[in-house]
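Student: Once you've had a glance at the structure underneath, I'll fire off some questions.
Every number here is computed from the coordinates shown, using simple stated rules; none is lab data. All values derive from a computational prediction rather than experimental measurement. Counting neighbours? That spans all protein chains shown, and the Cβs are built from the backbone with ideal geometry, glycine included.
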Amino acid sequence: MIGGLFIYNHKGEVLISRVYRDDIGRNAVDAFRVNVIHARQQVRSPVTNIARTSFFHVKRSNIWLAAVTKQNVNAAMVFEFLYKMCDVMTAYFGKISEENIKNNFVLIYELLDEILDFGYPQNSETGALKTFITQQGIKSQHQTKEEQSQITSQVTGQIGWRREGIKYRRNELFLDVLESVNLLMSPQGQVLSAHVSGRVVMKSYLSGMPECKFGMNDKIVIEKQGKGTADETGKSELGSGKQSIAIDDCTFHQCVRLSKFDSERSISFIPPDGEFELMRYRTTKDIILPFRVIPLVREVGRTKLEVKVVIKSNFKPSLLAQKIEVRIPTPLNTSGVQVICMKGKAKYKASENAIVWKIKRMAGMKESQISAEIELLPTNDKKKWARPPISMNFEVPFAPSGLKVRYLKVFEPKLNYSDHDVIKWVRYIGRSGIYETRC
Amino acid sequence: MPYLGGEEALRELRRALSNPHVQADPVRYRAAVLRVIRLMAQGADVSGVFPEMVKAGAVPDVVQKKLVSLYVRAQAPRQPQLALLAVNSLRKDCAHPSPAVRGLALRTMCGLRMPGIQEYLQQPLVNGLRDKASYVRRAAVLGCAKMVKLQGDCEVDGALVNELYSLLRDQDPIVVVNCLRALEEILKKEGGVVINKPIAHHLLNRMPDLDQWGQSEVLTFLLRYKPRSEEELFDILNLLDGYLKSSSPSVVMAATKLFLVLAREYPDVQADVLVRVKGPLLSACTSESRELCFTALCHVRQILGSLPGHFSSHYKKFFCSYSEPHYIKCQKMEVLCELVNDENVQQVLEELKGYCTDVSVELAQGAIFAIGNIARTYTEQCVGILTELLGLQQEHITSAVVRAFRDLAWLCPQCTDAVCQALPGCEDTIQDSEGKQALIWLLGTHGEKVPNAPYVLEDFVESVKSETFPAVKMELLTALVRLFLSRPAECQDMLGRLLYYCIEEEMDMAVRDRGLFYYRLLQAGVEEVKRVLCSPKSDPSLGLLGNQTKQPVNAWAWEFNTLIPVYGRERWALATAHQPVEPSCSGPPCTDSRSRDTESLISEGNKEVLKVQPSTGSLSLIPDASLTAEQFEKTWLSLDTSCHLSLPWCGPVPPDTIQTALHVVHIQTIAMSKAGAQPWKAYLSAQDDTGCMFLTELLLQAADSELQVSVKQSEAKPEALQSFISALRTVLEAVAGLGS
């Protein structure tokens, strides 16, 4: 149970304060500012106890969002709720920034009123909320009969995430497989840890109450189907043996029928209207690492450092990686840097203590190299340079986990459109998460 | 904070709000209302436009209604008379055809914090509970809880409770969960909502319809239910199995807790559950949402406390990444320390070694202490790494390594030789007090193994005048006297100089007293010095104990998924140490809270005994007998203990509560340690009408479960002493009873 919600800017000024329970006093707002935002040292923990009150905070860019309670609550739930709140706000007004919050403060109070009552989380699905939140209020001046009945039907309906009577002239759906690949590699090129966390996001514009079925190249499903059709066993083993992937752990949107997934491993659901996250998964095996970074750092005397970094792209030559950025950290006492690179642009950014090397596009199975000479100021500070890892950012048009969408079928028995009439789009985007190579 | 120029702006707004032309134009009307709200958010006093705002709430526009509702809720406590105006129009809104308006009106009314609102609330709430739109029912159900909270101590309406229980069967999932929440609050005094078999089974069946918040809360409520038979228990576990893999980490955690608690008699089931949540927990630990990751790591540590090998094969998941925040890195290091085993120790140590050179001093030292911890089991490798680190000659690294060495020498005597070899040279780099103390301690205690120990200490003696930390000086004194015992020839001269300095020139009294103490001890002869100073140089049993205590799962199953793993048990105990007995909602301001605490304390304790006490027996204590601390000390030292007793005690001591409680029976507190201090002490005094004084010492040792009480009396009066002790005992027992 949450006693109050506060939003601060980076200076610690209160932008929004909403108190739900009487046990949270006015001084709680200031206590958090003094003890956490204005504290000199680093943040010790996202949960802070001040005078028997627990403050849970998350930061979005330079905005602090804090939930306050005096009860012994469930920390995971409070954080999840804060994330959800951020999602909802983002869905309404985009990025959470001081300006946006100030401009939308009435809307935020309205949202906070709907998603929490007496400190208890209520309906927090963006889609369902849209019917209650009247801000911008163009339609709400004279609420039509139809809309009123919508609220009732939605609120009483069995399916909380979709209202009835949706109609589209063109039935369309978009599937985005968004993955972020995380890597930690040793200087010798040994993978210390790697995992992909992915999301399948679906945008659906479908009429009625469509029943969808989603299939992917999950190992267990393919094996299961292989067994089911005895004739094809041999073929499927040959054909898809390598292409199936092992998912360590996956979770679904509320709309997916879990019982069916457990028994048949089939993912079937009635989707919410508009955009939602169908599933979230994580894989650790057989990850395609799109780039290898090979660092070479040589200390020449006490005032010079030679750095050579080679990056190799490791995917089909026909594909193009985009927005590649390699960040090579430099010591604090750097006085000058000379950079030579074959491709892209490289620049030494003194304020960030790093050489930033940007390449717009790079095809697969290519190699590129940068070499830099770093001149150092002699210092009497004996502190050794900690050598932060080289980090990398990129975007590739495939899924590094190897996940493939095999089908997405749509059935709507009541309305007269069939699976073939639906226009479907699938897109794969692999982005770098924390992609670091130690040097 | 008053908003400058607010008055002018407000006057203008009032004019605008009451202007019929503005009222006729919905857009302009709403803009004016919006400006009032903006002013309010900026901290201006906008109570002046209350009547106009209430009137503005009576338009069909829902947006405007919401804005007015926001205003009314914030302003009602300041002007209860005017708020009644709002109640009237809100009651009208409760019959509005739109469910959104009805719900809003109910919520607004329940949010008016003013006395006497209850009578207006009752009817709309009852109607709301039976409304056909679930949106209204949701608001009404929680509204009941708000109303009961406003009423305070009044009797709870049985009909209302029954109505709420029946609403547990409602069609709408959020109404069901809200009912549970409301009942829990309303029936707080009777121990919360009752989960019997039909309710439990009903909730289990409704689980799939609930959203993540609902699921997580229902799982928590189900903890209360005790299945009748083994069969039923396993049916429930089977039904809930899917939630261990839910997409929401909070549901996973809540389900895990429920499984662990329900299966408390089946250790294999518990172990199986922990294996099954490994995946979800690990993915939460590596998730991008850092705060959630932190929470998960805290729980992983909790599990590791019982099953040390549980995550060993996944140790790489707990390697820190450069960009992670400090708190996650610290947690991960702790986890790494706990999951070390023969197979992964090499890699884990390599990784920790990398962190030792981190830019953040705190993190680097943390990593060094982590290696020091692992050294208790894998001594050789770790001492090697630590020695290597000394070569970097960094101030903070050397200091931390020497401190780790000191602990090691104390816990694992077998590594003393290796440690002693590494020590020479460290003295030049160490600058901080803690590091110096550790180094000096090592040199004093194991001086016979370090060839140049006397010369290093001599350097410290030379520069003792410029030494800023008294603790270092004291450590130096002890170490030098110790070393003098084993290498007298090399130390005699400088010991003399140090003692001379400490006694004649030192300004810090503690150091001077320590110097005098050693001086006199040395005068008593070498044998006496040896007897005092040559205590054992190590205590290996301590180190092993720390490693061996494997907690059973049941010891923490109830704490799982609460704040206790996040804060750690000690900090949680401290944070909740002096929670008032019953937080009251609408009481007098806090100046009175002290005396109120005592009242409730007495009523919960032995009321009769305490009330009768002063009149019975021969004892009546004077209410305002005053005694200064000096007088107390003098009297205390001159008297013998006339009575000694020990009382059972558990948990921390709430000093304020004790103090006020004793004050009620006219026992004064002279001095008292802070809450949580170890050992905890208090000195009390009291005087009866014949002038006889009772001096008391309360002593609570760290690990003791008994409170030691010693009483001294200025005149020997056994009867009076008996009555005094029984009075004291009653009060202390009452406080102890509250604490536990």
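Student: Along the principal axes of its C-alpha atoms, what lengths does region A:316-387 span, in descending order and rounded to whole Å?
Tutor: 52, 20, 19
Student: So if I take the centroid of the Cα atoms in region B:284-358 and the same for region A:385-412, what is the distance between those two points in Å?
Tutor: Region B:284-358 and region A:385-412 have Cα centres separated by 25 Å.
Student: OK, next. With an 8 Å cut-off on Cα pairs and a minimum separation of 6 or more residues, tell me the relative contact order of chain A in percent.
Tutor: 15
Student: For region A:356-414, treating each Cα as an identical point scatterer without solvent, what Debye log10 I(q)/I(0) comes out at q = 0.15 1/Å?
Tutor: -0.82
Student: Listed highest first by mean packing, meaning other Cβ atoms within 10 Å per residue, what order do B:292-298, B:380-386 come in?
Tutor: B:292-298, B:380-386
Student: Given the C-alpha centroids of region A:249-272 and region B:140-207, what is the distance between them in whole angstrom?
Tutor: Measuring centre to centre over Cα atoms gives 31 Å.
Student: Here's another thing I want to ask about it. If I require 20 Å or longer along the helix axis, counting alpha carbons, and a Kyte-Doolittle average no lower than 0.5, what helices from chain A are left? Use full DSSP H segments.
Tutor: A:75-93
Student: Could you derive backbone 3J(HN,Hα) for region B:267-283 from the dihedral phi with the Karplus parameters 6.51, -1.76 and 1.60 (θ = phi - 60°), listing whole Hz in sequence and x where the residue is Gly or Pro?
Tutor: x, 5, 5, 4, 4, 4, 4, 5, 5, 6, 8, 3, x, x, 5, 5, 6
Student: Note down the net charge around A:I50, summing +1 for each Lys or Arg and -1 for each Asp or Glu among other residues with Cβ under 13 Å from its Cβ.
Tutor: Net charge around A:I50: +4.
Student: Could you line up B:R224, A:R282, A:R361 from fewest to most neighbouring Cβ atoms inside 10 Å?
Tutor: Starting with the residue having the fewest Cβ neighbours, the order is A:R361, B:R224, A:R282.
Student: Under the Karplus relation 6.51 cos²θ - 1.76 cosθ + 1.60, θ = phi - 60°, what is the ordered set of whole-Hz ³J(HN,Hα) values for region B:108-124, x standing for Gly and Pro?
Tutor: Calculated HN-Hα couplings, in order: 5, 4, 5, x, 6, 8, 9, x, x, 6, 4, 4, 7, 7, 3, 5, x Hz.
Student: Please give the FRET efficiency for B:T468 paired with A:Q42, using the beta carbon to beta carbon distance and R0 = 35 Å, rounded to the nearest 0.05.
Tutor: Once the sixth-power term is evaluated, E becomes 0.85.
Student: Counting pairs of alpha carbon atoms under 8 Å apart in space and at least six apart in sequence, what relative contact order in percent does chain B give?
Tutor: RCO, chain B: 6 percent.
Student: Next question. If packing is taken as the average number of other Cβ atoms within 10 Å across a peptide's residues, how do B:115-126, B:154-165 rank, most packed first?
Tutor: Result, highest mean Cβ count within 10 Å first: B:115-126, B:154-165.
Student: In Å, what Kirkwood hydrodynamic radius results for chain A from the alpha-carbon pair distances?
Tutor: Kirkwood radius, chain A: 25.7 Å.
Student: If you add up the charges near B:R276, with Lys and Arg at +1 and Asp and Glu at -1, over every other residue whose beta carbon is less than 12 angstrom from its beta carbon, what do you get?
Tutor: Charge balance in the 12 Å sphere: -1.
Student: If you don't mind, another one. Local charge sum around A:K203 (other residues, Cβ-Cβ under 15 Å, Lys/Arg +1, Asp/Glu -1)?
Tutor: Summing Lys/Arg as +1 and Asp/Glu as -1 gives 0.
Student: Let me ask something else about it. Using only Cα atoms and rounding to the nearest 10 degrees, what angle (0 to 90) does helix B:629-638 make with the longest principal axis of chain B?
Tutor: 50
Student: Let me ask something additional. Can you put A:I390, B:I725, B:I186, A:I340 in order of Cβ neighbours within 10 angstrom, beginning with the fewest?
Tutor: Placing the least packed residue first, the sequence is A:I340, B:I725, B:I186, A:I390.
Student: Calculate how steeply helix B:509-523 sits against the longest principal axis of the alpha-carbon atoms of chain B, using the helix alpha-carbon long axis, and give the answer as 0 to 90 degrees to the nearest 10.
Tutor: Tilt of helix B:509-523: around 30 degrees.
Student: Hey, fewest Cβ within 10 Å first, where do A:W425, B:W572 land in order?
Tutor: Ordered from fewest to most neighbouring Cβ atoms within 10 Å, A:W425, B:W572 come out as A:W425, B:W572.
Student: Over all Cα pairs of region B:357-410, how is the pair count split among 10 Å bins, expressed in % and running from 0 up to the last occupied bin?
Tutor: The distribution over region B:357-410 is 28, 60, 12, given as percents.
Student: Need one value for B:87-100: mean number of C-beta atoms belonging to other chains within 10 Å of its residues' C-beta atoms.
Tutor: Mean inter-chain Cβ contacts per residue within 10 Å come to 2.
Student: Next question, about the same structure. If you plug each phi of region B:21-30 into the Karplus form 6.51 cos²θ - 1.76 cosθ + 1.60 with θ = phi - 60°, what whole-Hz ³J(HN,Hα) values come out, in order, with x for Gly and Pro?
Tutor: Result, ordered by residue: 5, 4, 4, 6, 9, x, 5, 5, 4, 5 Hz.
Student: Evaluate the Debye formula for the protein assembly as shown with equal point scatterers sitting on the alpha carbons, no solvent, and hand back log10 of I(q)/I(0) at q = 0.07 Å⁻¹, in q order, two decimals.
Tutor: -0.89
Student: Report, as an integer, the average count of C-beta atoms from other chains found within 10 Å of each Cβ along A:118-126.
Tutor: So the per-residue partner count for this stretch is 6.
Student: Could you give the angle, 0 to 90 degrees to the nearest 10, between helix B:6-18's Cα long axis and the longest principal axis of the Cα atoms of chain B?
Tutor: Its long axis makes an angle of about 20 degrees.
Student: Could you pull out the pairs from B:K473/B:K530; B:K66/B:K92; A:K323/A:K424; B:K353/B:K436; A:K304/A:K345; A:K304/B:K353 whose alpha carbons sit more than 18 Å apart here?
Tutor: From B:K473/B:K530; B:K66/B:K92; A:K323/A:K424; B:K353/B:K436; A:K304/A:K345; A:K304/B:K353, over 18 Å: B:K473/B:K530; A:K323/A:K424; B:K353/B:K436; A:K304/A:K345; A:K304/B:K353.
Student: How crowded by other chains is A:75-88, given as the mean number of beta carbons from other chains within 10 Å of each beta carbon?
Tutor: Mean number of neighbouring Cβ atoms from other chains: 6.
Student: Now a separate question. Using alpha carbon centroids, what distance separates region A:63-80 and region B:707-729, in Å?
Tutor: 49
Student: Strictly greater than 17 Å: what percent of every Cα pair in region B:452-494 meets that?
Tutor: Distances greater than 17 Å cover 24 percent of the Cα pairs.
Student: Over the Cα atoms, compute the radius of gyration (one decimal) and Dmax (the largest Cα-Cα distance, rounded to a whole number) for region B:359-468, in Å.
Tutor: 13.2, 41
Student: Enumerate the residues in region B:178-197 having an amide nitrogen under 17 Å from the point lying 7 Å beyond the Cα of B:N162 toward its Cβ.
Tutor: Only B:194 pass the distance filter.
Student: Among B:V450, B:V526, B:A510, flag the residue with its Cα farthest along the positive direction of the charge dipole of region B:446-534, charges on Cβ as +1 for Lys/Arg and -1 for Asp/Glu.
Tutor: B:V526
Student: Rounded to the nearest 0.05, what FRET efficiency do B:S726 and B:E570 have when you use their Cβ-Cβ distance and R0 = 30 Å?
Tutor: Plugging the Cβ-Cβ distance into 1/(1 + (r/R0)^6) gives 0.30.
Student: Could you tell me the largest-minus-smallest coordinate of the C-alpha atoms of region B:629-736 on each of the three principal axes, in descending order and whole angstroms?
Tutor: 37, 26, 22
Student: On the first, second and third principal axes, largest extent first, how far apart are the outermost C-alpha atoms of chain B in Å?
Tutor: Largest to smallest, the principal-axis extents are 103, 75, 68 Å.
Student: Just need the Rg to Rh number for region A:34-93, please, alpha carbons only, Kirkwood Rh.
Tutor: 0.99
Student: A follow-up question, please. Which Rg and Dmax, in Å, describe the Cα atoms of region B:316-359?
Tutor: Over region B:316-359's Cα set, Rg and Dmax evaluate to 10.1, 30 Å.
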